[in-house]
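Undergrad: After the structure tokens below, expect a handful of questions from me.
The values are calculated or read from the model by the stated rules, or taken from the named source; none is laboratory data. Keep in mind it's a predicted model, so treat the numbers as computed, not measured. Here the Cβ positions follow ideal geometry from the backbone for every residue, glycine too, while neighbour counts run over all protein chains shown. For the accessible areas, the whole protein counts, side chains as well, though only heavy atoms, and no ligand, DNA or RNA atoms are used. Shrake-Rupley method; radii C 1.70, N 1.55, O 1.52, S 1.80 Å.
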Amino acid sequence: MNDNDFAVNLGNRIRELRKNKGISQLELAYDMDMSMNTVSGIELGKISPKIDTLKKIAQRLDIDIADFFDFGKLPPKDKLVRKKVEEINRKLLPQDKEFLDLVSSNIDILIKIRNLD
């Protein structure tokens, strides 16, 4: 992975985590005391944030900094699919573990059924 790919993957991951928390770019920029253009540039992979900035963003998003580098969990490329996944995620965040276990097992069943076709 070259530097540009890394920056883009990091930016995509930050955007995904920010959206999953229901925080806008404007809110994050305000809370971080930086411009919205800077937040946008980071998320687009055009600006490489310093480690201190990543620590602050992670703290604001209430996540571990290592979560930024889990590129295996990048959102789907298809914008409509990504939006639907984000919508489902927002609906599930406030739910308890028991409900999430039920949803997860039903998703597994649906995937198995779909793969049989």
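Undergrad: I'm trying to understand the selection: among the residues of the stretch 27-42, which are over 18 Å from Arg90 (Cβ atoms) and either of a type outside the set (Ser, Thr, Tyr) or out of contact with any helix residue (DSSP H, G or I) (no Cβ under 9 Å at 6 or more places or on another chain) (or both)?
TA: Those that are over 18 Å from Arg90 (Cβ atoms) and either of a type outside the set (Ser, Thr, Tyr) or out of contact with any helix residue (DSSP H, G or I) (no Cβ under 9 Å at 6 or more places or on another chain) (or both): Ala29, Asp31, Met32, Asp33, Met34, Met36, Asn37, Val39, Gly41, Ile42.
Undergrad: Right, another one. Identify, by number, the condition in (1) of a type outside the set (Val, Ile, Thr); (2) open to solvent by 60 Å² or more (accessible area, probe 1.4 Å); (3) assigned to a loop (DSSP other than H, G, I, E, B) that Leu100 doesn't meet.
TA: (3)
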